[in-house]
1. Quick test for you: out of Gln190, Gln137, pick the one residue that is touching a residue at least 12 places away in the same chain (Cβ under 8 Å) and outside the structural domain of Cys236 (by TED's automatic domain parsing).
2. Applying the selection to region 211-225, what residues are near ligand 2 (Cβ under 8 Å from one of its atoms) and open to solvent by less than 10 Å² (accessible area, probe 1.4 Å)?
3. Keeping to region 41-86, report how many residues are open to solvent by 50 Å² or more (accessible area, probe 1.4 Å) and part of a helix (DSSP H, G or I).
4. Could you please find all residues in region 118-145 being open to solvent by 30 Å² or more (accessible area, probe 1.4 Å) and under 18 Å from the mean Cα position of the chain (by Cα)?
5. Please give the number of the condition Val192 fails out of (1) within 16 Å of ligand 1 (Cβ to nearest atom); (2) assigned to a loop (DSSP other than H, G, I, E, B); (3) open to solvent by 20 Å² or more (accessible area, probe 1.4 Å).
6. Before we move on, is Leu144 under 13 Å from Arg73 (Cβ atoms) and touching a residue at least 12 places away in the same chain (Cβ under 8 Å)?
7. Condition first: closer than 22 Å to Val187 by Cβ, open to solvent by 30 Å² or more (accessible area, probe 1.4 Å) and in contact with a Ser or Thr (Cβ under 9 Å, 6 or more places away or on another chain). Can you find one or more residues in region 21-40 that meet it?
8. Please tell me if Pro169 is more than 14 Å from ligand 2 (Cβ to nearest atom) and touching a His at 6+ places or on another chain (Cβ under 9 Å).
Amino acid sequence: MRWAFSEVPIVKRLMRTRWLQFGLTACTLGVFVLAVLAGLFGTPAGNHNFGIVFVWIVWWALLMLMQVPFLGRLWCGICPIPAPGEWLQRRTLVQPRPGGRLYTLHKKWPRFLKNIWAQNFGFLGVAFFSAVILTSQLVTGLVLLGFIVLSIITSVLFERRTFCRYLCPIGGFIGLYSQAAPIEVRVKDQAVCLSHKEKTCYTGSDEGYGCPWLNFPGALEANTFCGMCTECLKTCPKDNVALYIRRPHCGPDADPGASPGRGL
Ligand code: SF4
Ligand code: SF4
């Protein structure tokens, strides 16, 4: 049982405007820059340092206790870490390029890394050194800065959000837990996707970009790799994608009626 939340007219309008996501991302990026600066130049007293207090206590707690259980990967859609790289790829901040064109070297991500192992090892590394990262403001600042530099390099070399899909250690575990979230982006009718040859939700169009997470939305069966960026709600000319509120459950969609992508 699920309800297409994005069919509410005002929600639909909000999902289609590009300014909402840009505005929220700009806000999170501002806070992120402050956290990096506090890490690099702020007080070494951890309980007074904005970078340590905000990132590892406020943001982390909100992410774990509120965001992931109730909103799945919605955070990924406004995350500041991939934003500069993505803006560089798009060479625009808000309105899309014609045809959803991206400026990148279009290198292919190695086949043997097309899984979540790099993310798992990244998360393991952060956890292993957490005693240092969480207590040293300088290391916190350098780690956050390192994430953003890595995401920019990845955006220049590879297509779309390769960093989010295959490298981000936070995205890796958020993706797994978001499978249980009571929210999902899915197509409304599988048959419509089957008859739509252009598949602009994947390729991009004048309305927006092909799925940044490299998904074909019509085949989505779980939230794991969907960053809930709502790009496919903008690029589907058939109005065949929606943001649903659903019964929380674990793993791929259990109810065949709730997994229209199966078999595509
Ligand atoms: S989601 Fe929309 S754009 Fe994508 S294949 Fe289905 S109908 Fe086409
Ligand atoms: S499936 Fe749609 S909402 Fe999910 S990441 Fe791709 S474009 Fe964004």
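The values are calculated or read from the model by the stated rules, or taken from the named source; none is laboratory data. Since we're looking at a predicted model, the values are computed, not measured. Counting neighbours? That spans all protein chains shown, and the Cβs are built from the backbone with ideal geometry, glycine included. With ligands, DNA and RNA removed, areas are computed over all heavy atoms of the protein, side chains included. Shrake-Rupley method; radii C 1.70, N 1.55, O 1.52, S 1.80 Å.
1. Working: Gln190 fails: outside the structural domain of Cys236 (by TED's automatic domain parsing).
Testing whether each residue is touching a residue at least 12 places away in the same chain (Cβ under 8 Å) and outside the structural domain of Cys236 (by TED's automatic domain parsing) leaves just Gln137.
2. Scanning region 211-225 gives Pro212, Trp213, Pro217.
3. Keep residues of region 41-86 that are open to solvent by 50 Å² or more (accessible area, probe 1.4 Å), which gives 41, 43-44, 47-48, 50, 54, 57-58, 60, 62, 64-66, 69-71, 74.
Keeping just the survivors that are part of a helix (DSSP H, G or I) gives 41, 47-48, 50, 54, 57-58, 60, 62, 64-66, 69-71, 74.
Qualifying residue count for the region: 16.
4. Passing the criteria: Asn120, Phe123.
5. Every condition holds for Val192 apart from (2).
6. Numbers: under 13 Å from Arg73 (Cβ atoms): no; touching a residue at least 12 places away in the same chain (Cβ under 8 Å): yes.
So Leu144 does not fit the description; no.
7. Within region 21-40, one or more residues are closer than 22 Å to Val187 by Cβ, open to solvent by 30 Å² or more (accessible area, probe 1.4 Å) and in contact with a Ser or Thr (Cβ under 9 Å, 6 or more places away or on another chain).
8. On the way: more than 14 Å from ligand 2 (Cβ to nearest atom): yes; touching a His at 6+ places or on another chain (Cβ under 9 Å): no.
Taking the combined requirement at face value, the residue does not satisfy it.
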